[in-house]
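Undergrad: Quick one: the structure is below, questions incoming.
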Amino acid sequence: MKKIIVTGGAGFIGAHLVKLLADQPDTMIHVIDNFSQSRNNILTRSNVEYHELDICDAEKLTRLFLKLAPDTVFHFAAIANVPDSVTNPAKYYQTNVMGSYNILEAMRVSGCTKIIFSSSASVYGEPQSEIILEDHPKNPTNPYGRTKLVTEEMLKEYFTAYSISSISFRYFCAAGADPDGELGEYHSPETHVIPSMLETILGRRETFSIFGTDYPTPDGTGIRDYIHVVDLAQAHICALTKLDTDLVCTQYNLGINKGFSVRELIDTAEKITGTKLTYIEKDRRPGDPSRLIADATGAMNELSWKPQYTNIEDIIATAYRSLKR
């Protein structure tokens, strides 16, 4: 039986991957999570086991790896809030960098040689081109993005020195939710734009904030590439297939190759819900680039991956159904 560890597997993206992995034949999934966000994305499956553990606890982490002897690691566990990383970078380096180091060391000690890493488009910083390829210069504008870049560099060095293969996925903006309604997005506090917008429409928060209306974009608001969480999870399944056959250390963008502004999201959310959104306009947040749009053809061509949700209405609709539950 294939043994897989998923760190952060009770989180938004990790849980959607666990659901897909649970359908794989002869596969046992061990989720490592400190449950700092919520326990709402726990799945009841015979081949899924949960371990409450913080990746910053190197000793316990190594003991568990030695006990489980995993074949592959999916590493999602991290803290991810751009403005917070600017004001409190220490906790981001501790969790995102030292935590990743602890995982790599536990892998090295236990003989695990395959890892798929949850990176971020934040590694690029302010775009120098309309569409971002993987070879775009890396100049993060915030500590969160820098911690992801540092971890990518660690993976390169562990591949050279210890033959630990890796695929790093640079996510653009994960959005949407499980179409079956079993899983959802549960952040506390919620900072992602689409659920924040929908929570306001549902009356769970007083107002929605647009951070920045003077960006060099057509309507002045920031533009992002929004990719459905199920499409993200499916890309990880494709990466697992590749790592089972190839020795690699590589990075891929994951997006839908087009972007939407905050005002476009508002218009779409109002159309889907039939409700006007109450919002206020605020200054830009520190560390936020004006535009992030992926060129994800590398993952599409080399991993035989293709996103199924390419319409922003469909993406927002699944998020809305999840939040209404």
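Undergrad: Quick test of your reading of the structure: Cys238 fulfils all but one of (1) in the same structural domain as His16 (by TED's automatic domain parsing); (2) free of Cβ contacts under 8 Å to residues at least 12 places away in the same chain. Name the failing condition by number.
TA: Result: Cys238 passes all but (2).
Undergrad: Continuing with the same structure: Go through the range 277-305 and give me each residue that's surrounded by 15 or more Cβ atoms within 10 Å (Cβ to Cβ) and part of a helix (DSSP H, G or I).
TA: Once the filter is applied, which keeps residues that are surrounded by 15 or more Cβ atoms within 10 Å (Cβ to Cβ) and part of a helix (DSSP H, G or I), the range 277-305 yields Gly298, Ala299, Met300, Glu302.
Undergrad: Could you list, in sequence order, the residues of the range 284-319 that are more than 28 Å from Pro143 (Cβ to Cβ) and among the polar types (S, T, N, Q)?
TA: Thr297, Asn301, Ser304, Gln308, Thr310, Asn311, Thr318
Undergrad: Another question about this same structure. Please pick out the residue among Ile79, Ile4 that is touching a Pro at 6+ places or on another chain (Cβ under 7 Å), of a type in the set (A, V, I, L, M) and not in a helix (DSSP H, G or I).
TA: The conditions single out Ile4.
Undergrad: Which condition number does Glu153 fail, the rest of (1) in contact (Cβ under 8 Å) with a residue 12 or more places away in the chain; (2) under 27 Å from Trp305 (Cα atoms) being met?
TA: Glu153 satisfies all of (1) in contact (Cβ under 8 Å) with a residue 12 or more places away in the chain; (2) under 27 Å from Trp305 (Cα atoms) except (1).
Undergrad: Read through the list (1) within 26 Å of Met197 (Cα to Cα); (2) in contact with a helix residue (DSSP H, G or I) (Cβ under 7 Å, 6 or more places away or on another chain), then give the number of the only condition that Tyr252 fails.
TA: (1)
Undergrad: Another one. Can you give me the number of residues within the range 127-145 that are crowded, with 21+ Cβ neighbours inside 10 Å and in contact (Cβ under 8 Å) with a residue 40 or more places away in the chain?
TA: 5
Undergrad: Based on what the data block shows, is Gly274 of a type in the set (Gly, Ala, Ser) and either touching a Phe, Trp or Tyr at 6+ places or on another chain (Cβ under 7 Å) or surrounded by 21 or more Cβ atoms within 10 Å (Cβ to Cβ) (or both)?
TA: When the stated conditions are applied, Gly274 does not pass them.
Undergrad: So which of Phe74, Phe35 ends up being within 26 Å of Glu185 (Cα to Cα), of a type in the set (Phe, Trp, Tyr) and in a loop (DSSP other than H, G, I, E, B)?
TA: Phe35 is the lone residue from the list that is within 26 Å of Glu185 (Cα to Cα), of a type in the set (Phe, Trp, Tyr) and in a loop (DSSP other than H, G, I, E, B).
Undergrad: Let me ask something additional. Does Val262 fit the bill of being modelled with pLDDT of 95 or more and in the same structural domain as Val86 (by TED's automatic domain parsing)?
TA: Against the criterion (modelled with pLDDT of 95 or more and in the same structural domain as Val86 (by TED's automatic domain parsing)), Val262 does not qualify.
Undergrad: So, one more: Have a look at Thr297, Thr245 and point out the one that is without any contact (Cβ under 8 Å) to a residue 40 or more places away in the chain and not hydrophobic (A, V, I, L, M, F, W, C).
TA: Being without any contact (Cβ under 8 Å) to a residue 40 or more places away in the chain and not hydrophobic (A, V, I, L, M, F, W, C) holds for just one of Thr297, Thr245, which is Thr245.
Undergrad: What tally of residues in the range 38-50 results from selecting those that are part of a loop (DSSP other than H, G, I, E, B) and either modelled with pLDDT of 90 or more or over 23 Å from Glu190 (Cα atoms) (or both)? Let's see the steps before the verdict.
TA: Narrowing the range 38-50 to residues part of a loop (DSSP other than H, G, I, E, B): 38-47.
When the remaining residues are screened for being either modelled with pLDDT of 90 or more or over 23 Å from Glu190 (Cα atoms) (or both), the result is 42-47.
Here the count works out to 6.
Undergrad: Looking for whichever is part of a helix (DSSP H, G or I) and under 19 Å from Arg321 (Cα atoms) here; the options are Glu157, Glu190, Glu199. Which one fits?
TA: Values: Glu157 fails: under 19 Å from Arg321 (Cα atoms); Glu190 fails: part of a helix (DSSP H, G or I).
Matching residue, one of Glu157, Glu190, Glu199: Glu199.
Undergrad: From the residues in the range 160-187 that are polar (S, T, N, Q) and either part of a strand (DSSP E or B) or within 15 Å of the chain's Cα centre (by Cα) (or both), which one is surrounded by the most Cβ atoms within 10 Å (Cβ to Cβ)?
TA: Let us first name the residues in the range 160-187 that are polar (S, T, N, Q), namely 160, 163, 165-166, 168.
Remaining after also requiring either part of a strand (DSSP E or B) or within 15 Å of the chain's Cα centre (by Cα) (or both): 165-166, 168.
Numbers: Ser165: 20, Ser166: 26, Ser168: 24.
Among those residues, the one meeting the criterion is Ser166.
Undergrad: Look at Thr27 and say whether it is under 26 Å from Glu185 (Cβ atoms) and free of Cβ contacts under 8 Å to residues at least 24 places away in the same chain. Give the derivation first.
TA: Values: under 26 Å from Glu185 (Cβ atoms): yes; free of Cβ contacts under 8 Å to residues at least 24 places away in the same chain: no.
Considered against the rule, which asks whether it is under 26 Å from Glu185 (Cβ atoms) and free of Cβ contacts under 8 Å to residues at least 24 places away in the same chain, Thr27 comes out as no.
Undergrad: Scanning for something within 24 Å of Tyr215 (Cβ to Cβ), modelled with pLDDT of 95 or more, surrounded by 19 or more Cβ atoms within 10 Å (Cβ to Cβ) and small (Gly, Ala, Ser), does the range 306-319 turn up at least one residue?
TA: No: zero hits.
Undergrad: Of these, Ala106, Ala69, Ala121, which one is touching a residue at least 40 places away in the same chain (Cβ under 8 Å), in the same structural domain as Thr241 (by TED's automatic domain parsing) and in contact with a Lys or Arg (Cβ under 6 Å, 6 or more places away or on another chain)?
TA: Ala121
The values are calculated or read from the model by the stated rules, or taken from the named source; none is laboratory data. Just so it is clear, the structure is predicted and the values come from calculations on it, not from any experiment. Here the Cβ is made from the backbone with ideal geometry for all residues, glycine too, and neighbour counts use every protein chain on show.
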